[in-house]
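Single-structure report; data block below.
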Amino acid sequence: MSKEDKIRNLWESKFWDAVGCGMNEEQAAKVAGNVIDNRRKEKTMKYVIEIDCDNDAFEDHPAWEVKRILKVLVEKMHGEYDPPDFLTLYDMNGNAVGTAVYSECSIT
């Protein structure tokens, strides 16, 4: 079920709940709409890892270098209860090639 289908089902459920409580359809639609607006304003957390593979460290075996960078990231996070909000990722030559970012995003 798509996100929009879930939202539509939630709206219908809240609408009929409100009608069942004695509200007219206009009032019920407003209540259901408010529930949906609040749901869309909720936040979700994302951890985004981005690696730029356009340099010499990735030339011969790009997958190996990505694997090495991810292993370093895992080692840095080992034992951490909360992941760091931001980390710079480096290739085997010491060049900054990416980031790992923990962020809060609005659900839309």
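Remarks
- Selection within the range 1-17: residues that are of a type in the set (A, V, I, L, M, F, W, C) and modelled with pLDDT of 80 or more. The member of this set that is farthest from the chain's Cα centre (by Cα) is Trp16.
Conditions tested, residue by residue: (1) in a strand (DSSP E or B); (2) touching a strand residue (DSSP E or B) at 6+ places or on another chain (Cβ under 8 Å); (3) under 30 Å from Asp37 (Cα atoms); (4) at pLDDT 75 or above.
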{"position": "Arg68", "(1), (2), (3), (4)": "no, no, no, yes"}
{"position": "Lys71", "(1), (2), (3), (4)": "no, no, no, yes"}
{"position": "Val74", "(1), (2), (3), (4)": "no, no, no, yes"}
{"position": "Glu80", "(1), (2), (3), (4)": "no, no, no, no"}
{"position": "Leu87", "(1), (2), (3), (4)": "yes, yes, no, yes"}
{"position": "Met92", "(1), (2), (3), (4)": "no, no, no, yes"}
{"position": "Gly98", "(1), (2), (3), (4)": "yes, yes, no, yes"}
{"position": "Ser103", "(1), (2), (3), (4)": "yes, yes, yes, no"}
{"position": "Thr108", "(1), (2), (3), (4)": "no, no, yes, no"}
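- For the range 32-48, the count of residues that are closer than 30 Å to Gly94 by Cβ, in contact (Cβ under 8 Å) with a residue 12 or more places away in the chain and of a type in the set (A, V, I, L, M, F, W, C) is at least one.
The values are calculated or read from the model by the stated rules, or taken from the named source; none is laboratory data. From a predicted model like this one, the values you see are computed outputs, not experimental measurements. Every residue, glycine among them, receives a Cβ derived from its backbone with ideal geometry; neighbour counts consider all protein chains shown.
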